[in-house]
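K.L.:
I have a structure here, written as C-alpha coordinates, and I will follow up with some questions on it.
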(Lines give C-alpha, C1' and ligand atoms only; values in the text may rest on other atoms or scores of the structure.)
Protein backbone atom coordinates (compact mmCIF):
# COMPACT_ATOMS: atom_id res chain seq x y z
CA UNK A 1 0.00 0.00 0.00
CA UNK A 2 2.90 2.40 0.73
CA UNK A 3 4.39 1.67 -2.68
CA UNK A 4 1.03 2.28 -4.37
CA UNK A 5 0.58 5.55 -2.46
CA UNK A 6 4.06 6.66 -3.52
CA UNK A 7 3.25 5.93 -7.16
CA UNK A 8 -0.04 7.83 -6.94
CA UNK A 9 1.79 10.85 -5.52
CA UNK A 10 4.15 10.81 -8.49
CA UNK A 11 1.25 10.54 -10.96
CA UNK A 12 -0.76 13.41 -9.48
CA UNK A 13 -1.89 16.43 -11.51
CA UNK A 14 0.38 18.71 -9.50
CA UNK A 15 3.41 16.54 -10.21
CA UNK A 16 2.53 16.43 -13.92
CA UNK A 17 2.35 20.25 -13.95
CA UNK A 18 5.78 20.47 -12.29
CA UNK A 19 7.24 18.05 -14.82
CA UNK A 20 5.81 20.09 -17.71
CA UNK A 21 7.22 23.33 -16.29
CA UNK A 22 10.64 21.74 -15.79
CA UNK A 23 10.61 20.38 -19.34
CA UNK A 24 9.56 23.69 -20.90
CA UNK A 25 11.57 26.18 -18.85
CA UNK A 26 14.22 24.44 -16.71
CA UNK A 27 15.97 22.41 -19.40
CA UNK A 28 18.17 25.11 -20.94
CA UNK A 29 21.48 24.22 -19.30
CA UNK A 30 22.33 21.15 -21.35
CA UNK A 31 24.70 21.16 -24.31
CA UNK A 32 21.92 20.40 -26.79
CA UNK A 33 19.68 23.14 -25.37
CA UNK A 34 22.37 25.73 -26.16
CA UNK A 35 22.28 24.88 -29.87
CA UNK A 36 20.59 27.10 -32.43
CA UNK A 37 16.98 26.05 -33.24
CA UNK A 38 17.84 25.79 -36.93
CA UNK A 39 20.55 23.25 -36.09
CA UNK A 40 18.07 21.14 -34.16
CA UNK A 41 15.49 21.35 -36.97
CA UNK A 42 18.10 20.29 -39.54
CA UNK A 43 19.15 17.37 -37.34
CA UNK A 44 15.53 16.38 -36.79
CA UNK A 45 14.81 16.49 -40.53
CA UNK A 46 16.88 13.32 -40.88
CA UNK A 47 16.06 11.45 -37.67
CA UNK A 48 12.34 12.21 -37.95
CA UNK A 49 11.90 11.01 -41.55
CA UNK A 50 14.76 8.71 -42.59
CA UNK A 51 13.95 5.75 -40.26
CA UNK A 52 10.73 5.07 -42.22
CA UNK A 53 12.83 4.27 -45.33
CA UNK A 54 15.54 2.23 -43.57
CA UNK A 55 15.15 -1.53 -43.15
CA UNK A 56 18.69 -2.52 -42.18
CA UNK A 57 18.63 -3.70 -38.56
CA UNK A 58 22.22 -2.63 -37.87
CA UNK A 59 21.56 0.92 -39.05
CA UNK A 60 18.33 1.14 -37.07
CA UNK A 61 20.04 -0.19 -33.95
CA UNK A 62 22.78 2.42 -34.33
CA UNK A 63 20.25 5.22 -34.80
CA UNK A 64 18.39 4.02 -31.72
CA UNK A 65 21.60 4.05 -29.66
CA UNK A 66 22.43 7.56 -30.90
CA UNK A 67 18.99 8.99 -30.10
CA UNK A 68 19.04 7.32 -26.67
CA UNK A 69 22.35 9.08 -26.02
CA UNK A 70 20.99 12.47 -27.09
CA UNK A 71 17.87 11.93 -24.96
CA UNK A 72 20.04 11.23 -21.92
CA UNK A 73 22.05 14.38 -22.67
CA UNK A 74 18.80 16.37 -22.82
CA UNK A 75 17.84 15.25 -19.27
CA UNK A 76 14.24 14.58 -20.19
CA UNK A 77 11.57 14.24 -17.52
CA UNK A 78 10.84 10.69 -16.38
CA UNK A 79 7.13 11.30 -16.91
CA UNK A 80 7.69 11.89 -20.63
CA UNK A 81 9.84 8.78 -20.89
CA UNK A 82 7.18 6.75 -19.08
CA UNK A 83 4.51 7.96 -21.52
CA UNK A 84 6.80 7.08 -24.44
CA UNK A 85 7.48 3.56 -23.17
CA UNK A 86 3.80 2.89 -22.49
CA UNK A 87 2.89 4.15 -25.94
CA UNK A 88 5.45 1.94 -27.68
CA UNK A 89 4.44 -1.13 -25.67
CA UNK A 90 0.76 -0.46 -26.28
CA UNK A 91 1.26 0.02 -30.02
CA UNK A 92 3.35 -3.13 -30.39
CA UNK A 93 1.09 -5.20 -28.15
CA UNK A 94 -2.04 -4.07 -29.98
CA UNK A 95 -0.59 -5.00 -33.39
CA UNK A 96 0.66 -8.36 -32.09
CA UNK A 97 -2.72 -9.29 -30.62
CA UNK A 98 -4.52 -8.16 -33.78
CA UNK A 99 -2.22 -10.21 -36.03
CA UNK A 100 -2.59 -13.34 -33.86
CA UNK A 101 -6.36 -12.88 -33.75
CA UNK A 102 -6.60 -12.81 -37.56
CA UNK A 103 -4.59 -15.97 -38.11
CA UNK A 104 -0.99 -14.83 -37.82
CA UNK A 105 1.81 -16.53 -35.91
CA UNK A 106 4.90 -15.52 -33.97
CA UNK A 107 6.72 -14.75 -37.23
CA UNK A 108 5.19 -11.27 -37.04
CA UNK A 109 7.42 -10.48 -34.04
CA UNK A 110 10.37 -9.52 -36.23
CA UNK A 111 8.57 -6.88 -38.38
CA UNK A 112 6.76 -5.60 -35.28
CA UNK A 113 10.07 -5.23 -33.48
CA UNK A 114 11.49 -3.40 -36.51
CA UNK A 115 8.50 -1.04 -36.52
CA UNK A 116 8.86 -0.42 -32.80
CA UNK A 117 12.53 0.47 -33.23
CA UNK A 118 11.64 2.97 -35.98
CA UNK A 119 8.96 4.56 -33.82
CA UNK A 120 11.38 4.69 -30.89
CA UNK A 121 14.05 6.46 -32.96
CA UNK A 122 11.59 9.07 -34.26
CA UNK A 123 10.02 9.58 -30.82
CA UNK A 124 13.37 9.96 -29.06
CA UNK A 125 14.54 12.40 -31.73
CA UNK A 126 11.36 14.42 -31.21
CA UNK A 127 11.91 14.45 -27.45
CA UNK A 128 15.55 15.51 -27.92
CA UNK A 129 14.64 18.45 -30.14
CA UNK A 130 11.45 19.81 -28.64
CA UNK A 131 12.37 19.28 -24.99
CA UNK A 132 15.59 21.23 -25.55
CA UNK A 133 13.81 24.42 -26.58
CA UNK A 134 11.78 26.79 -24.45
CA UNK A 135 8.45 28.02 -25.90
CA UNK A 136 10.02 31.32 -26.94
CA UNK A 137 13.01 29.63 -28.57
CA UNK A 138 10.75 27.18 -30.39
CA UNK A 139 8.58 30.02 -31.67
CA UNK A 140 11.58 31.96 -32.99
CA UNK A 141 13.04 28.82 -34.52
CA UNK A 142 9.83 28.04 -36.38
CA UNK A 143 9.66 31.64 -37.56
CA UNK A 144 13.23 31.38 -38.90
CA UNK A 145 12.40 28.43 -41.18
CA UNK A 146 9.42 30.16 -42.77
CA UNK A 147 6.50 29.14 -40.54
CA UNK A 148 3.86 31.93 -40.41
CA UNK A 149 3.93 34.13 -37.33
CA UNK A 150 0.42 33.14 -36.28
CA UNK A 151 1.34 29.44 -36.29
CA UNK A 152 4.63 29.88 -34.40
CA UNK A 153 2.93 32.06 -31.79
CA UNK A 154 0.09 29.56 -31.39
CA UNK A 155 2.55 26.74 -30.67
CA UNK A 156 4.42 28.88 -28.15
CA UNK A 157 1.14 29.95 -26.55
CA UNK A 158 0.03 26.32 -26.29
CA UNK A 159 3.23 25.48 -24.39
CA UNK A 160 2.62 28.32 -21.96
CA UNK A 161 -1.03 27.41 -21.42
CA UNK A 162 -0.54 23.72 -20.65
CA UNK A 163 0.45 24.20 -16.96
CA UNK A 164 -2.46 26.63 -16.49
CA UNK A 165 -4.94 24.20 -18.02
CA UNK A 166 -3.62 21.35 -15.89
CA UNK A 167 -4.01 23.41 -12.74
CA UNK A 168 -7.54 24.43 -13.70
CA UNK A 169 -8.42 20.82 -14.51
CA UNK A 170 -7.17 19.83 -11.08
CA UNK A 171 -9.42 22.46 -9.47
CA UNK A 172 -12.47 21.24 -11.39
CA UNK A 173 -11.68 17.63 -10.49
CA UNK A 174 -11.34 18.48 -6.79
CA UNK A 175 -14.63 20.39 -6.89
CA UNK A 176 -16.41 17.33 -8.23
CA UNK A 177 -14.81 15.22 -5.51
CA UNK A 178 -16.06 17.63 -2.81
CA UNK A 179 -19.59 17.70 -4.22
CA UNK A 180 -19.78 13.97 -4.92
CA UNK A 181 -19.80 10.88 -2.81
CA UNK A 182 -17.19 8.17 -3.13
CA UNK A 183 -18.31 4.51 -3.06
CA UNK A 184 -18.58 3.13 0.46
CA UNK A 185 -17.39 -0.30 -0.66
CA UNK A 186 -14.05 -0.24 -2.48
CA UNK A 187 -14.62 -3.49 -4.35
CA UNK A 188 -12.11 -6.12 -5.37
CA UNK A 189 -8.76 -4.48 -6.21
CA UNK A 190 -10.45 -1.10 -5.63
CA UNK A 191 -12.34 -1.35 -8.93
CA UNK A 192 -15.26 0.73 -7.62
CA UNK A 193 -12.94 3.57 -6.65
CA UNK A 194 -11.14 3.32 -9.98
CA UNK A 195 -14.43 3.55 -11.88
CA UNK A 196 -15.50 6.51 -9.72
CA UNK A 197 -12.29 8.43 -10.44
CA UNK A 198 -12.48 7.63 -14.16
CA UNK A 199 -16.00 9.05 -14.25
CA UNK A 200 -14.89 12.23 -12.48
CA UNK A 201 -11.93 12.56 -14.84
CA UNK A 202 -14.21 12.45 -17.87
CA UNK A 203 -16.88 14.86 -16.69
CA UNK A 204 -14.22 17.34 -15.51
CA UNK A 205 -13.29 18.03 -19.13
CA UNK A 206 -16.57 19.77 -19.97
CA UNK A 207 -16.16 22.80 -17.63
CA UNK A 208 -12.52 22.95 -18.71
CA UNK A 209 -13.52 23.24 -22.38
CA UNK A 210 -15.88 26.13 -21.62
CA UNK A 211 -13.22 27.89 -19.56
CA UNK A 212 -10.63 27.39 -22.30
CA UNK A 213 -12.93 28.87 -24.94
CA UNK A 214 -13.55 31.93 -22.75
CA UNK A 215 -9.84 32.32 -22.03
CA UNK A 216 -8.96 32.02 -25.75
CA UNK A 217 -11.43 34.76 -26.66
CA UNK A 218 -9.96 37.07 -24.02
CA UNK A 219 -6.44 36.37 -25.32
CA UNK A 220 -7.42 37.09 -28.92
CA UNK A 221 -9.03 40.39 -27.97
CA UNK A 222 -5.95 41.42 -25.97
CA UNK A 223 -3.64 40.56 -28.87
CA UNK A 224 -5.75 42.46 -31.37
CA UNK A 225 -5.74 45.49 -29.06
CA UNK A 226 -1.92 45.44 -29.08
CA UNK A 227 -1.73 45.17 -32.88
CA UNK A 228 -0.74 41.53 -33.21
CA UNK A 229 -1.98 41.23 -36.81
CA UNK A 230 0.47 43.87 -37.97
CA UNK A 231 3.30 42.35 -35.90
CA UNK A 232 2.80 38.92 -37.47
CA UNK A 233 3.28 40.31 -41.01
CA UNK A 234 5.69 43.19 -40.45
CA UNK A 235 9.22 42.38 -41.81
CA UNK A 236 10.87 44.71 -39.28
CA UNK A 237 9.29 42.84 -36.37
CA UNK A 238 10.38 39.48 -37.81
CA UNK A 239 13.94 40.76 -38.29
CA UNK A 240 14.02 41.95 -34.68
CA UNK A 241 12.83 38.59 -33.39
CA UNK A 242 15.38 36.65 -35.45
CA UNK A 243 18.30 38.87 -34.45
CA UNK A 244 19.06 36.64 -31.45
CA UNK A 245 19.75 33.56 -33.59
CA UNK A 246 23.41 32.70 -34.10
CA UNK A 247 24.98 29.47 -35.39
CA UNK A 248 28.33 29.03 -33.68
CA UNK A 249 31.08 26.45 -33.49
CA UNK A 250 29.12 24.10 -31.23
CA UNK A 251 26.32 23.92 -33.82
CA UNK A 252 28.71 22.93 -36.62
CA UNK A 253 30.47 20.49 -34.29
CA UNK A 254 27.18 18.79 -33.39
CA UNK A 255 26.18 18.49 -37.05
CA UNK A 256 29.64 17.19 -37.98
CA UNK A 257 29.54 14.53 -35.26
CA UNK A 258 26.06 13.45 -36.35
CA UNK A 259 27.03 13.33 -40.03
CA UNK A 260 30.18 11.32 -39.30
CA UNK A 261 28.30 8.84 -37.15
CA UNK A 262 25.52 8.39 -39.72
CA UNK A 263 28.04 7.88 -42.55
CA UNK A 264 29.99 5.29 -40.57
CA UNK A 265 26.74 3.59 -39.58
CA UNK A 266 25.56 3.31 -43.20
CA UNK A 267 28.93 1.89 -44.28
CA UNK A 268 28.80 -0.64 -41.45
CA UNK A 269 25.24 -1.63 -42.36
CA UNK A 270 26.20 -1.97 -46.04
CA UNK A 271 29.10 -4.35 -45.42
CA UNK A 272 27.51 -6.37 -42.59
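K.L.:
Being surrounded by 15 or more Cβ atoms within 10 Å (Cβ to Cβ), closer than 22 Å to residue 244 by Cα and either assigned by TED's automatic domain parsing to the domain that holds residue 74 or touching a helix residue (DSSP H, G or I) at 6+ places or on another chain (Cβ under 9 Å) (or both) is the requirement here; does residue 156 meet it?
P.N.:
Numbers: surrounded by 15 or more Cβ atoms within 10 Å (Cβ to Cβ): yes; closer than 22 Å to residue 244 by Cα: yes; either assigned by TED's automatic domain parsing to the domain that holds residue 74 or touching a helix residue (DSSP H, G or I) at 6+ places or on another chain (Cβ under 9 Å) (or both): yes.
Criteria met by residue 156.
K.L.:
Are any residues in the stretch 242-272 within 21 Å of residue 39 (Cα to Cα) and either at pLDDT below 80 or not in a helix (DSSP H, G or I) (or both), and if so, which ones?
P.N.:
243, 244, 245, 246, 247, 248 - these are the residues of the stretch 242-272 that are within 21 Å of residue 39 (Cα to Cα) and either at pLDDT below 80 or not in a helix (DSSP H, G or I) (or both).
K.L.:
While we're on this one: Just one of (1) within 26 Å of residue 151 (Cβ to Cβ); (2) free of Cβ contacts under 8 Å to residues at least 24 places away in the same chain trips up residue 199, so point out which.
P.N.:
(1) is the only condition that residue 199 fails.
K.L.:
Using beta carbons and a limit of 9 Å, which pairs, at least six apart or on different chains, have the first residue in the stretch 174-186 and closer than 16 Å to residue 208 by Cβ and the second one in a loop (DSSP other than H, G, I, E, B) and at pLDDT 80 or above?
P.N.:
Partner pairs satisfying both residue conditions: 175/204; 176/204.
K.L.:
Would the stretch 91-106 turn up any residue that is closer than 27 Å to residue 264 by Cβ, surrounded by fewer than 18 Cβ atoms within 10 Å (Cβ to Cβ) and modelled with pLDDT under 90?
P.N.:
Residues of the stretch 91-106 that are closer than 27 Å to residue 264 by Cβ, as a first pass: none.
The answer is no, given that none of the residues of the stretch 91-106 is closer than 27 Å to residue 264 by Cβ, surrounded by fewer than 18 Cβ atoms within 10 Å (Cβ to Cβ) and modelled with pLDDT under 90.
K.L.:
When you scan the stretch 75-99, how many residues do you find that are assigned to a helix (DSSP H, G or I) and within 13 Å of the chain's Cα centre (by Cα)? Full working, then the answer.
P.N.:
Step one: list which residues in the stretch 75-99 are assigned to a helix (DSSP H, G or I), which gives 78-99.
Still in the list and also within 13 Å of the chain's Cα centre (by Cα): 78-85, 87.
Total meeting the criteria: 9.
K.L.:
Only one residue in 40, 20 is surrounded by 15 or more Cβ atoms within 10 Å (Cβ to Cβ) and modelled with pLDDT of 80 or more. Which one? Let's see the steps before the verdict.
P.N.:
Values: 20 fails: modelled with pLDDT of 80 or more.
Unique residue meeting the criteria: 40.
K.L.:
So residue 174 passes all but one of these: (1) surrounded by 14 or more Cβ atoms within 10 Å (Cβ to Cβ); (2) more than 30 Å from residue 36 (Cβ to Cβ). Which condition number does it fail?
P.N.:
(1)
K.L.:
Is it true that some residue in the stretch 58-74 is in contact (Cβ under 8 Å) with a residue 40 or more places away in the chain, more than 19 Å from the chain's Cα centre (by Cα) and outside any helix (DSSP H, G or I)?
P.N.:
no
K.L.:
A follow-up question, please. Is it true that some residue in the stretch 223-237 is more than 27 Å from the chain's Cα centre (by Cα), assigned to a loop (DSSP other than H, G, I, E, B) and on the phi < 0 side of the Ramachandran plot?
P.N.:
Checking the stretch 223-237: at least one residue is more than 27 Å from the chain's Cα centre (by Cα), assigned to a loop (DSSP other than H, G, I, E, B) and on the phi < 0 side of the Ramachandran plot.
The values are calculated or read from the model by the stated rules, or taken from the named source; none is laboratory data. The structure presented is a predicted model; accordingly, all values stated were derived computationally and were not measured. So basically every Cβ, Gly included, is an ideal-geometry build from the backbone, and we count neighbours across all protein chains shown.
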